[in-house]
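Here the structure is laid out as structure tokens; the discussion comes afterwards.
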Amino acid sequence: MKTIDLTYLQVITESDIDGAAKESATEVVLAERVILTPSAKEALAARGILVRTGGAAAAGASGSAGAYGSAGAAVAGVDPARLALFTSPEAQKVKEEICAVGRKLWMRQYVDGNGGNISYRVGPNEVICTPTLVSKSDLKPEDMCLVDLEGKQLAGGRPRTSEILLHLEIYKEVPEAKSVVHCHPPHATAYAITGKVPPTCVIPEYEVFIGKVAISPYETPGSGSFARTVIPYVKTHNTVLLANHGIVCWGDTVTHAEWYVEVVDTYCWTLMLAAQLGSPLSHISETKAADLLAIKKKLGLPDPRHDNPDCAICDLPDQAGGIAISQRSCGPEDRETLIQAITDQVMAALGKK
Ligand SMILES: [Zn+2]
């Protein structure tokens, strides 16, 4: 009998059950008010995995602040040093910065309802994040939560955001990432729902701060499998479009991560406006774009084009008005697209026979 603890998940999908099965689980422990997708229920039944419901470890699943006490209160058994960190002057500054950034996101219409979430890594295994079910315009420092890198809530007056797992995968993958912002800005999300990535070499500011963005495949929000979709991209991109969902940006501060959201959404908006003019985009030459990439490298910002001769600097053709060339391989997203295209062609050829 092998039991696997999944109480850190608020949403469980089929792939989470598949993951437990791969580890030979015969039983899983779930948070009390967890959302089990229909396919996850089927996978549990098909694999004969028993389900047990856990207790207070179900951080954030209750939807009520009561389980966590007042702000700064700990879930039983938490190290006092972590509590001291959460209530330190440094943490207070972070909480205030998160509130200010939350208001910016709301005012720029990047978050609707209770959408979007913000976090900051205050320690090697400690992250301050926004709570679930609160509008980003109404955040107060005392609403913030403290979680560990597995998503377990350690302190805070409200349950943590259900999307914290996405942030945590980024912190685990990229040590330079100190803050993560996830939201649904309309213009960048328009790209994400059409599976399109904006071209490079059009506007210098975008080139320096964002450059190439990646697009990660769709998964059910809140699940562990959704959180893991960004892993292949975040080392070389500070911005990832989340297919049929929104975007996620990471930076060295909360304010900078929000800047990247602004830069990418305005860029997507400008491209849409330019498309309405009906003329082809003029673009920055590869040589000039290489200057911008050098500035970017000096600023310590990631880009798959750094020191990668296989990766095209510009996606657009050199001749204005020409047809866009297909870009050379720049990373896992391109390889996956290529493999998919080859697979589709093989399948189509087999189908004709
Ligand atoms: Zn979202």
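Here are some notes:
So that you can scan it fast, the table gives a plain yes or no per residue for (1) more than 26 Å from G113 (Cβ to Cβ); (2) within 16 Å of the ligand (Cβ to nearest atom):
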{"site": "G156", "(1), (2)": "no, no"}
{"site": "R160", "(1), (2)": "no, yes"}
{"site": "I170", "(1), (2)": "no, yes"}
{"site": "A177", "(1), (2)": "yes, no"}
{"site": "A192", "(1), (2)": "no, yes"}
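- Candidate set from the stretch 194-223 (those that are within 15 Å of the ligand (Cβ to nearest atom) and among the small types (G, A, S)); member that is surrounded by the fewest Cβ atoms within 10 Å (Cβ to Cβ): G222
- When residues of the stretch 145-173 are limited to those that are small (G, A, S) and either within 20 Å of A243 (Cβ to Cβ) or surrounded by 23 or more Cβ atoms within 10 Å (Cβ to Cβ) (or both), the one nearest to the chain's Cα centre (by Cα): S162
- Any hit, the stretch 249-262, residues being surrounded by 18 or more Cβ atoms within 10 Å (Cβ to Cβ) and either within 12 Å of the ligand (Cβ to nearest atom) or in a loop (DSSP other than H, G, I, E, B) (or both): no
- Residue within the stretch 119-134 that is within 14 Å of the ligand (Cβ to nearest atom) and among the charged types (D, E, K, R) present: no
- You will find that of Y206, Y218, Y171, Y191, the residue that is hydroxyl-bearing (S, T, Y), part of a loop (DSSP other than H, G, I, E, B) and assigned by TED's automatic domain parsing to the domain that holds K95 is Y218 and no other.
- Those residues of the stretch 264-298 which are farther than 22 Å from Q109 by Cα and in contact (Cβ under 8 Å) with a residue 24 or more places away in the chain, in sequence order: P280, L281, S282, H283, I284, S285, E286, A289, L292, L293, I295, K296
- Once the stretch 11-24 is narrowed to residues that are closer than 14 Å to A45 by Cβ and of a type in the set (A, V, I, L, M, F, W, C), the residue that is nearest to the chain's Cα centre (by Cα) is I12.
- Flag if L146 is of a type in the set (A, V, I, L, M, F, W, C) and in a loop (DSSP other than H, G, I, E, B): no
- Put simply, of T337, T287 the only residue that is outside the structural domain of C201 (by TED's automatic domain parsing), modelled with pLDDT under 80 and of a type outside the set (A, V, I, L, M) is T337.
The values are calculated or read from the model by the stated rules, or taken from the named source; none is laboratory data. What you see is a predicted model, and the numbers here were worked out from it, not measured in a lab. Backbone-built Cβ (ideal geometry, glycine too); neighbour counts: all protein chains shown.
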